[in-house]
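The values are calculated or read from the model by the stated rules, or taken from the named source; none is laboratory data. Since we're looking at a predicted model, the values are computed, not measured. As a convention, Cβ positions derive from the backbone with ideal geometry for all residues, glycine included, and neighbour counts pool all protein chains shown.
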Amino acid sequence: MNKKSEFDSCAENYRQKQLHDEILAKVGEYYQRFHKTQEYKKGDRISYAGRIYNEEEMLNLTDAALEFWLTQGRYTDTFEAGLAEYIGTAHASLTNSGSSANLLAFMALTAEELGERRIRRGDEVITVAAGFPTTVAPIVQYGAVPVFVDVTVPDYNINSETLEKAVSDKTKAVFLAHTLGNPFDIQKIKGLCEKYHLWLIEDNCDALGSEYFWNGEWKKTGTAGNLATCSFYPPHHITMGEGGAVCTDNPVLHKLVRSFRDWGRDCWCRSGMDDTCKHRYTQQFGELPLGYDHKYVYSHFGYNLKATDLQAAIGCAQLKKLPGFIKARREHWTFLRNELEDISDRIILPMEREGTRPSWFGFLMTVKGDAGFSRNDLAEYLESENIQTRFLFAGNLLKHPCFDGMRRRKEGFRIAGSLEHTDRIMEQSLWVGVYPGMTTQMLTFMAEKIKAFCRTGR
Ligand SMILES: Cc1ncc(COP(=O)(O)O)c(C=O)c1O
């Protein structure tokens, strides 16, 4: 390069940086003027959850947009490394949703590479019906058999005492969520999985940052199973709009997750890269001709469930805020728990099990049978007072239309024991939010209204 063109290119780089910074400064100003959260006034709608962000998320997003790489890039690498480090697993793979993460975690366990331990069609996977549908959907879609075990109240997690009775010689895995952030009984469930050589998938979508005490130290949920999943949909602990992740310590499972996520390919080059392995044209695969381009060799029947760098850019800013978010969620949950203690004759309040530090997703309550009002009465009342409520997702997934055919034909699933408490949750439970956007004023109003209704019916 001659002196003049070197000078021109330097000037161009300078101008680009200057423009970039001017745009970012405007975005910061835009956030301050138009996005800053409005102050809560008594009577305003209290959502059960919501995005909490500041200019940092918007600046990262703009930076990624100006770079216009679009697919996975440097923000994805940073996010995946940061998430893995936070949870304490060796690997994390970003996906476009928590449901996609569940699908990938499950499908990884169907791979031929796992030999006798792989999940085949007709094999059984132990789970619960009181939860989110996409924990169960991959099992059904693949043609494996979900085996439903009841949960307990007020733990809202699988009954670890009856779980062992559900194990058969077809059982290959246990796939469970930590309900609304409350860790399931990891000691017992991990122990059973080890005893019967079962895979354990933790659906950690509602529990990012929850902790359990294990061998003398606090560990994050997501490190107990062979695979764990996260969701970054807006109500979750951190958000990127749509997004999810699969975490694992196991390098073989990690490679499988990446392959299923990225079209089923064998090659592990990053987007836009070629020949990372330096053997692009020298290898033998299947019955392909020797040296067939590794980039187009498919070792699995995969999907494309990647997220974009725009999403990851937002996630990078959110990850830094996560410890503060978790602290706020725990404080809000404790506030409600203390305030509502004196209505425990009408409502079963949630509990924090010894040896756990939940990163709560919500405050889950079950209306007692003799309370004198129903769950729906309470929900309708709170909604009329502008307090948003939620049921525990599917309640009992087996009662939903998606199960009509399977229920009628009595095939494709198994119930181990009764689902008495699952049905009870479907009929009598509801939850309100504890997300970081709540203030003491909002929490006080919620507690007052819940107490007033329980005492006087209004
Ligand atoms: C326990 C659980 N698993 C999975 C999901 C699915 O996550 P996503 O909405 O990102 O697909 C959710 C969604 O809220 C969930 O609560």
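Against the condition assigned to a loop (DSSP other than H, G, I, E, B) and either touching a Ser or Thr at 6+ places or on another chain (Cβ under 8 Å) or among the hydroxyl-bearing types (Ser, Thr, Tyr) (or both), how does Ala130 come out, does it pass? Explain how you work it out, then say what you get.
On the way: assigned to a loop (DSSP other than H, G, I, E, B): yes; either touching a Ser or Thr at 6+ places or on another chain (Cβ under 8 Å) or among the hydroxyl-bearing types (Ser, Thr, Tyr) (or both): yes.
Yes.
For every residue, the table says whether it meets (1) away from the ligand (no atom under 16 Å from the Cβ); (2) of a type in the set (A, V, I, L, M); (3) modelled with pLDDT under 95.
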| residue | (1), (2), (3) |
| --- | --- |
| Phe361 | no, no, no |
| Leu382 | yes, yes, no |
| Ile387 | yes, yes, no |
| Phe391 | no, no, no |
| Gly405 | yes, no, no |
| Arg409 | yes, no, no |
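Does segment 266-276 contain at least one residue that is under 20 Å from the mean Cα position of the chain (by Cα) and surrounded by fewer than 23 Cβ atoms within 10 Å (Cβ to Cβ)? Steps first, please.
Looking only at segment 266-276, we keep the residues that are under 20 Å from the mean Cα position of the chain (by Cα), and these are none.
No; the residues of segment 266-276 include none that is under 20 Å from the mean Cα position of the chain (by Cα) and surrounded by fewer than 23 Cβ atoms within 10 Å (Cβ to Cβ).
Cβ contacts < 7 Å: first residue surrounded by 14 or more Cβ atoms within 10 Å (Cβ to Cβ), restricted to segment 441-458; second residue aromatic (Phe, Trp, Tyr) and assigned to a helix (DSSP H, G or I), any location; separation 6+ or different chain. Result?
Every condition considered, the pairs that remain are Leu443/Phe335; Phe453/Tyr381.
Over 28 Å from Thr221 (Cβ atoms) and hydrophobic (A, V, I, L, M, F, W, C) - does that describe any residue in segment 254-266?
Within segment 254-266, the subset over 28 Å from Thr221 (Cβ atoms) is 263-266.
Right, trim to hydrophobic (A, V, I, L, M, F, W, C) and you get 263.
Within segment 254-266, one or more residues are over 28 Å from Thr221 (Cβ atoms) and hydrophobic (A, V, I, L, M, F, W, C).
Give the residues of segment 98-156 that are out of contact with any helix residue (DSSP H, G or I) (no Cβ under 9 Å at 6 or more places or on another chain) and on the phi > 0 side of the Ramachandran plot, sorted by residue number.
Matches in segment 98-156: Gly115, Gly122, Gly143.
Is it the case that some residue within segment 184-206 is under 11 Å from the mean Cα position of the chain (by Cα), within 16 Å of the ligand (Cβ to nearest atom) and farther than 27 Å from Gly437 by Cβ?
No, that holds for no residue.
Just need a number here: residues in segment 363-379 that are among the charged types (D, E, K, R) and either at pLDDT below 95 or over 20 Å from Leu336 (Cβ atoms) (or both).
Start the filter on segment 363-379 by keeping residues that are among the charged types (D, E, K, R), which leaves 368, 370, 375, 377.
If we keep only those that are either at pLDDT below 95 or over 20 Å from Leu336 (Cβ atoms) (or both) as well, we get 370.
Matching residues across segment 363-379 total 1.
Kindly provide the set of residues from segment 180-205 that are in contact (Cβ under 8 Å) with a residue 40 or more places away in the chain and either touching a strand residue (DSSP E or B) at 6+ places or on another chain (Cβ under 6 Å) or within 21 Å of Val140 (Cα to Cα) (or both), ordered by number.
Initially, segment 180-205 is screened for residues in contact (Cβ under 8 Å) with a residue 40 or more places away in the chain, giving 180-183, 185, 187, 197-199, 201, 203-205.
Residues satisfying the conditions are Leu180, Pro183, Leu198, Trp199, Ile201, Asp203, Asn204, Cys205.
Would you point out which residue out of Lys278, Lys306, Lys255, Lys295 is touching a residue at least 24 places away in the same chain (Cβ under 8 Å) and more than 16 Å from the ligand (Cβ to nearest atom)? Don't jump to the end; show me each part of the working.
Working: Lys278 fails: touching a residue at least 24 places away in the same chain (Cβ under 8 Å); Lys306 fails: more than 16 Å from the ligand (Cβ to nearest atom); Lys255 fails: touching a residue at least 24 places away in the same chain (Cβ under 8 Å).
Lys295 is the lone residue from the list that is touching a residue at least 24 places away in the same chain (Cβ under 8 Å) and more than 16 Å from the ligand (Cβ to nearest atom).
Report yes if some residue within segment 20-35 is over 32 Å from the mean Cα position of the chain (by Cα), under 30 Å from Tyr435 (Cα atoms) and among the small types (Gly, Ala, Ser); otherwise report no.
Scanning segment 20-35, I find at least one residue that is over 32 Å from the mean Cα position of the chain (by Cα), under 30 Å from Tyr435 (Cα atoms) and among the small types (Gly, Ala, Ser), so the answer is yes.
When you check Ala224 against the structure, is it of a type in the set (A, V, I, L, M, F, W, C), more than 10 Å from the ligand (Cβ to nearest atom) and in contact with a Pro (Cβ under 9 Å, 6 or more places away or on another chain), yes or no?
In short, yes.
Checking the structure you have, find out if any residue of segment 327-336 is farther than 16 Å from Thr95 by Cβ and polar (S, T, N, Q).
The first filter runs over segment 327-336 and keeps only residues farther than 16 Å from Thr95 by Cβ, leaving 327-336.
Those still in the list that are polar (S, T, N, Q) too: 334.
Yes, there is a match, as at least one residue in segment 327-336 is farther than 16 Å from Thr95 by Cβ and polar (S, T, N, Q).
From the list Tyr292, Tyr281, which residue is surrounded by 15 or more Cβ atoms within 10 Å (Cβ to Cβ) and not in a strand (DSSP E or B)? Before you say what the answer is, go through the steps one by one.
Working: Tyr281 fails: surrounded by 15 or more Cβ atoms within 10 Å (Cβ to Cβ).
That would be Tyr292, the only listed residue that is surrounded by 15 or more Cβ atoms within 10 Å (Cβ to Cβ) and not in a strand (DSSP E or B).
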